[in-house]
1. Regarding residue 50, is this residue under 19 Å from residue 143 (Cβ atoms) and either not in a strand (DSSP E or B) or not assigned by TED's automatic domain parsing to the domain that holds residue 122 (or both)?
2. From the list 129, 210, exactly one residue is within 30 Å of residue 317 (Cα to Cα), modelled with pLDDT of 95 or more and under 16 Å from the mean Cα position of the chain (by Cα). Which is it?
3. Of the residues 95, 119, only one is surrounded by fewer than 16 Cβ atoms within 10 Å (Cβ to Cβ) and either under 17 Å from residue 21 (Cβ atoms) or in contact (Cβ under 8 Å) with a residue 40 or more places away in the chain (or both); which?
4. Quick one: count up the residues across region 246-271 that are touching a residue at least 40 places away in the same chain (Cβ under 8 Å), crowded, with 18+ Cβ neighbours inside 10 Å and closer than 20 Å to residue 202 by Cα.
5. Given the residues 68, 41, which is the only one that is assigned by TED's automatic domain parsing to the domain that holds residue 106, without any contact (Cβ under 8 Å) to a residue 40 or more places away in the chain, buried (at least 22 other Cβ atoms within 10 Å of the Cβ) and touching a helix residue (DSSP H, G or I) at 6+ places or on another chain (Cβ under 9 Å)?
6. Considering each of 141, 150 in turn, give the residue that is more than 22 Å from the chain's Cα centre (by Cα), within 25 Å of residue 25 (Cβ to Cβ) and not assigned by TED's automatic domain parsing to the domain that holds residue 298.
């Protein structure tokens, strides 16, 4: 317990001493990346209103309800600011900055360790989400939590646990959320409405995905989505990956993959989920990473995607044999 107490104090002291703070998260942000970053920004401003705080990274229109990201001022001196990276295990995936260029930095992350990128790192791969870790920091460091920040953190926790369905939604998760509900005016119905209301075109696109998954002999489902399909349904390249958790209940698929061409990036966004087989090692082999049951990567060609599917098929084959 000593380590955890000391890490809270160290993070608090760094935040308290810094006049300017930059918050960064991973590329292709999800609600946890945004919730932990934007939520921590709001918490810092609520407790230290005179600080300059910037939450940076490419915007994600789908998640505008969490708040808008900031543009980093051009005159920022890396040596005079505190950088806090949330929800990101390695420097390649940090959006907007290279954390190795900041002498004063913190990482708050719930992914398995990949590499050290900040001078102070708090990694807890048993936590449900980076947003849960930020919430834990708030309570352990005695910081004030207001409703606006609570909304962002709750959305991050809900998204990464898929509404508390996954095994890493443990007693700590529920204890922290219970305290959050007791100490703020958080309206969880409002949060859920923001997160789960969909335009009809997205529902139709979900139907297209349901009908077009290919499934291997060893229960790996996959779908490759090109630019023409995105245009036909008038959805963006992030949409298929955002829908991937909704395919969790298909009996014939133990592992499922969406690979979506992002023309702007010149590569495929690949999201991988599992209901048993461990997949993050395969993701790392193919240039990505993540959790044991939820990972992702970016690949250049369909041939690379098919090689990924072959490796996942081998993993599921071994898993089935050992059942």
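The values are calculated or read from the model by the stated rules, or taken from the named source; none is laboratory data. Note that the structure is a prediction, hence the values are computed from the model and not measured. Cβ placement follows ideal geometry from the backbone for every residue including glycine, while neighbour counts extend to all protein chains displayed.
1. In short, yes.
2. Matching residue, one of 129, 210: 129.
3. Going through 95, 119 in turn, the sole match is 119.
4. Residues in region 246-271 being touching a residue at least 40 places away in the same chain (Cβ under 8 Å), crowded, with 18+ Cβ neighbours inside 10 Å and closer than 20 Å to residue 202 by Cα: 6 in total.
5. 41
6. 141 is the lone residue from the list that is more than 22 Å from the chain's Cα centre (by Cα), within 25 Å of residue 25 (Cβ to Cβ) and not assigned by TED's automatic domain parsing to the domain that holds residue 298.
Every residue, every condition in (1) surrounded by 18 or more Cβ atoms within 10 Å (Cβ to Cβ); (2) in contact with a helix residue (DSSP H, G or I) (Cβ under 6 Å, 6 or more places away or on another chain); (3) within 20 Å of residue 239 (Cβ to Cβ), yes or no:
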position: 209; (1), (2), (3): yes, no, yes
position: 214; (1), (2), (3): no, no, yes
position: 218; (1), (2), (3): yes, yes, no
position: 221; (1), (2), (3): yes, no, yes
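Okay, residues lined up against (1) at pLDDT 95 or above; (2) under 30 Å from residue 266 (Cβ atoms); (3) buried (at least 24 other Cβ atoms within 10 Å of the Cβ); (4) assigned by TED's automatic domain parsing to the domain that holds residue 144:
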| position | (1), (2), (3), (4) |
| --- | --- |
| 12 | yes, no, no, yes |
| 23 | yes, yes, yes, yes |
| 45 | yes, no, no, yes |
| 61 | no, yes, no, yes |
